[in-house]
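A.B. asks: Quick one: the structure is below, questions incoming.
The values are calculated or read from the model by the stated rules, or taken from the named source; none is laboratory data. Only a predicted model underlies this, so the values are computations on that prediction, with no experimental measurement involved. We place every Cβ from the backbone using ideal geometry, glycine too, and count neighbours over all the protein chains shown. For the accessible areas, the whole protein counts, side chains as well, though only heavy atoms, and no ligand, DNA or RNA atoms are used. Shrake-Rupley method; radii C 1.70, N 1.55, O 1.52, S 1.80 Å.
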Amino acid sequence: MQFRNIPSVERVIAAEPLADAIQAYSREWIVALVRQQLEKARDGVRQGGAAPSVAEVAEATCRAIAEMTRPAPRPVINATGVIIHTNLGRAPLSRAAVEAARLSAEGYSNLEFDLESGRRGSRQAPLQSLLQELTGAEAGLVVNNNAAAVLLGLSALAAGKPVIVSRGEAVEIGGGFRIPDVLAQSGAQLVDVGTTNRTYARDYESAITDRTGAFLKAHASNFRVEGFTAAVAPEELVALGARHNIPVLHDVGSGCLLPTEKYELAHEPTPQESVAAGVGLTFFSGDKLLGGPQAGIVVGTKDLVGRLERHPLARAFRIDKLSLASLVATLLHYRLGEAEGEIPVWQMISMPLPVVKERAETWLAALEQALADAGVEAKVEPGRSAIGGGSLPGETLPSWVLALACPATPGGPEGVIRRLRGGDSPVVARIEGDRVLLDPRTVLPEEEDGLLQGLNEALAGG
Ligand SMILES: *Cc1c(COP(=O)(O)O)cnc(C)c1O
């Protein structure tokens, strides 16, 4: 009978690999984990398996300890070529932004304290001049994310009132953010006008009543309507709103402060364009093309921003000190004209093609032996990187990729990318056709050693 061969708790915890764990953690916790492993062993025996040895249970317990004491989320190497990858945490921060978050986390700060007067201050204060300077707006307010910013704006300005939205802009951005639902949640009433592909100023105009709370424009961040289309420009809507005393709210999404045309990408609407057009409130994210931490930024007129500040949801949505510090550091890069050189998403977008190619070639050379041993055919070839993450829908940048044809490796290309994910420094790559593609554009230089180690292991069959 195999049950009798299942080791006792005492024998397992006496086993060598667990001695250190008992030193480091509480004995009770280790005993509980051993019991869990023994329970699994009993299940295995019930299903006709053999009883594990003491060493096997001890080892399984050690693996469980490692798993349960590992910090999360884990750092991941992004070799997908998707620059703003929502599932991988969107924008990596600049060194200065990381350092700012660290400093604000480590000790106390003047978060809400005015050092000059010794009185209470506002956490929004350091952002005011930056947002004014960078967007041209009179005032700004920062909250937890852009979804919160839009909900706050609608709640403060239009609760109980009709809000006019083009049918082509009653969009779903993803992750549960749908303009009609956000409007409903704010207490405003959606009045959708025009058609999916064409909306004119007269459509908005004919829906105006004396109760209309706002016009809302939303950037279709993750899809493109092509062909027979028409939308009303912010300027035109502002002019119409001015005649009827109706504010225009514009959710531009990605918070792109730099001209994307410079990189032969489509034009991404910028907050400063909306402000210049006279839009009352412009909303955008901190962690898309702005390249900073998760945050929702609102800029606009003093009067409208003030109404948001005084709304109770402003407190519920307030930004935390770590994000605030790294957002200020990120915006400083723009003030200093060093965004492309310092902010990772812009470093990636602006990375010259020969540099991308050279990095892929360096990887290829470093992997020569592992590739030969695994019988994998690899080459460096032209590919495309994507902007991703609710910015510049469908837009890609020319790139160079390391392509691996691995039909003979265990599990084929799927096996390779699974083993890449399972390594000590997990690597996320993509498959195109039946090849594994690795794009250097989204791999930070300091991650290259981890990437090469992961590839060596994944190719060896793990
Ligand atoms: C991404 C996006 C949002 C949501 O922003 P979060 O910062 O993720 O909350 C809202 N509106 C638009 C147009 C977006 O692109």
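A.B. asks: Which chymotrypsin sites (Phe, Trp or Tyr not before Pro) from the stretch 1-89 combine a DSSP loop assignment with at most 13 other Cβ atoms within 10 Å? Spell out each step's value before the answer.
C.D. replies: Details: sites: Phe3, Tyr25, Trp29; in loops: Tyr25.
Here no loop site has a sparse enough neighbourhood.
A.B. asks: Show me 105-111, 172-178, 73-79 ranked by packing, highest mean number of other Cβ atoms within 10 Å first.
C.D. replies: Descending mean neighbour count gives 73-79, 172-178, 105-111.
A.B. asks: For a label point 7 angstrom out from the Cα of Asn5 toward its Cβ, which stretches of the stretch 32-70 have the backbone nitrogen within less than 18 Å?
C.D. replies: Answer for the stretch 32-70: 38-60.
A.B. asks: Suppose each label sits 7 Å from its Cα in the direction of the beta carbon; what would the Asp181-Ala372 distance come out to in nanometres?
C.D. replies: Placing both labels 7 Å along Cα→Cβ, they lie 5.5 nm apart.
A.B. asks: Hey, any idea what the orientation-averaged projected area of the convex hull of the stretch 93-342's Cα atoms comes to, in nm²? Intermediate values should be presented prior to the final figure.
C.D. replies: Details: hull surface 55.6 nm².
Quarter of the Cα hull surface area: 13.9 nm².
A.B. asks: Continuing with this model, one more query. With the dipole of the stretch 2-69 worked out from charges on the C-beta (+1 for Lys and Arg, -1 for Asp and Glu) around the Cα centre, which of Ala51, Val34, Cys62 lies farthest toward the positive end?
C.D. replies: It is Ala51.
A.B. asks: Mind checking the angle between helix 95-106 and the chain's longest principal axis? C-alpha axes, 0 to 90 degrees, to the nearest 10.
C.D. replies: 80
A.B. asks: At 1.4 Å probe radius, can you tell me the per residue accessible area of the chain in Å²?
C.D. replies: Details: 22070 Å² over 462 residues.
Averaged over the residues of the chain, the accessible area is 48 Å².
A.B. asks: Please list, by residue number, every one of the trypsin sites (Lys or Arg not before Pro) in the stretch 210-259 that is coil in DSSP and has at most 14 other beta-carbon atoms within 10 Å. Can you show the working numbers first?
C.D. replies: On the way: sites: Arg211, Lys217, Arg224, Arg243; in loops: Arg211, Arg224.
Those satisfying the criteria are Arg211, Arg224.
A.B. asks: Here is a further query. So how much slack lies between Glu99 and Ser122, counting 0.36 nm per residue of separation and subtracting their Cα-Cα distance, in nm? Could the numbers behind the result be given before it?
C.D. replies: Values: separation 23, 0.36 × 23 = 8.28 nm, distance 2.17 nm.
Fully extending the segment from Glu99 to Ser122 adds 6.1 nm.
A.B. asks: Now for a separate question. Quote to one decimal, in nm, the extra length available between Arg315 and Arg70 on full extension: 0.36 nm per residue of separation minus the C-alpha distance between them.
C.D. replies: Fully extending the segment from Arg315 to Arg70 adds 84.9 nm.
A.B. asks: Which whole-percent values make up P(r) of the stretch 1-137 when all C-alpha to C-alpha distances are grouped in 5 Å steps starting at zero?
C.D. replies: Once binned at 5 Å, the Cα pair distances of the stretch 1-137 give 2, 8, 11, 10, 9, 8, 8, 9, 9, 7, 6, 5, 4, 3, 1, 0.
A.B. asks: Can you give the relative contact order of the stretch 93-342 as a percent, counting alpha carbon pairs under 8 Å and 6+ residues apart?
C.D. replies: Numbers: 482 pairs, mean separation 69.1, N = 250.
Relative contact order for the stretch 93-342 comes out at 28 percent.
A.B. asks: Cross-link partners among lysines for Lys321, C-alpha distance below 29 Å, same-chain residues fewer than 8 apart left out?
C.D. replies: Lys288, Lys302
A.B. asks: Consider a paramagnetic label point 7 Å from the Cα of Ala207 along Cα→Cβ; state which residues of the stretch 150-194 have an amide N under 15 Å from it.
C.D. replies: Residues 161-172, 179-184, 188-194 fall inside that zone.
A.B. asks: Full extension from Arg421 to Tyr200: what is 0.36 nm times the residue separation minus their Cα-Cα distance, to one decimal in nm? Before the final figure, lay out each step's value.
C.D. replies: Details: separation 221, 0.36 × 221 = 79.56 nm, distance 4.87 nm.
Value of the extension gain: 74.7 nm.
A.B. asks: Among Ser109, Pro426, His267, which residue has its Cα furthest toward the positive end of the charge dipole of the chain, with +1 on Lys/Arg Cβ and -1 on Asp/Glu Cβ?
C.D. replies: Farthest along the dipole direction, towards plus: Ser109.
A.B. asks: Another question about this same structure. How far is the Cα center of the stretch 233-287 from the Cα center of the stretch 183-231, in Å?
C.D. replies: 15
A.B. asks: Given a Förster distance of 22 Å, report the FRET efficiency between Tyr25 and Glu59 from their Cβ-Cβ distance, rounded to the nearest 0.05. All intermediate terms of the calculation are to be shown ahead of the outcome.
C.D. replies: Numbers: r = 17 Å, r/R0 = 0.76.
With R0 = 22 Å, the Cβ-Cβ based efficiency is 0.85.
A.B. asks: Kindly express, to the nearest 10 degrees and within the range 0 to 90, the angle between helix 125-135's C-alpha long axis and the longest C-alpha principal axis of the chain.
C.D. replies: The helix 125-135 is inclined about 70 degrees to the chain.
A.B. asks: Once you sort the root eigenvalues of the Cα gyration tensor of the stretch 223-364 as a ≥ b ≥ c, which label holds: rounded (a/c under 1.5), prolate (a/b larger than b/c) or oblate (the other case)? Write down the numbers at each step before the final one.
C.D. replies: Working: a/c = 2.66, a/b = 1.44, b/c = 1.85.
It is oblate, given that a/c is not under 1.5 and a/b is not larger than b/c.
A.B. asks: Sort largest first and round to whole Å: the equivalent ellipsoid semi-axes of the stretch 99-160, each the square root of five times a Cα gyration tensor eigenvalue.
C.D. replies: On the way: eigenvalues 134, 45, 38 Å².
Taking √(5λ) for each Cα gyration eigenvalue gives 26, 15, 14 Å.
A.B. asks: Provide Rg and Dmax in Å for the chain, with only Cα atoms included in the calculation.
C.D. replies: Here Rg and the maximum Cα pair distance are 27.2, 88 Å.
A.B. asks: Okay, moving on. Between helix 321-335 and the chain, what is the angle of the helix's C-alpha long axis to the longest principal axis, kept within 0 to 90° and rounded to the nearest 10?
C.D. replies: 60
A.B. asks: If eta is 0.890 mPa s and T is 25 °C, what Stokes-Einstein diffusion coefficient results for the stretch 2-69, Kirkwood Rh from Cα pairs, in µm²/s? Write out the running numbers ahead of the final one.
C.D. replies: Values: Rh = 11.9 Å.
Answer, rounded: 207 µm²/s.
A.B. asks: Simple spin-label model, 7 Å along Cα-to-Cβ: Gln453 to Ser129 in nm?
C.D. replies: Modelled inter-label distance: 4.5 nm.
A.B. asks: With label points built 7 Å along Cα→Cβ from the Cα atoms of Arg46 and Asn245, find their separation and express it in nm.
C.D. replies: 7.3
A.B. asks: Only Lys, Arg, Asp and Glu count, each charged at its Cβ (+1, +1, -1, -1), so figure out the dipole size of the chain about its Cα centre, rounded to 20 debye.
C.D. replies: Here the size comes out at about 1400 debye.
A.B. asks: Which of the chymotrypsin sites (Phe, Trp or Tyr not before Pro) across the stretch 221-302 are loop residues per DSSP, with 11 or fewer other Cβ within 10 Å?
C.D. replies: Values: sites: Phe223, Phe228, Tyr263, Phe283, Phe284; in loops: Phe223, Phe228.
Loop-located and lightly packed - Phe223, Phe228.
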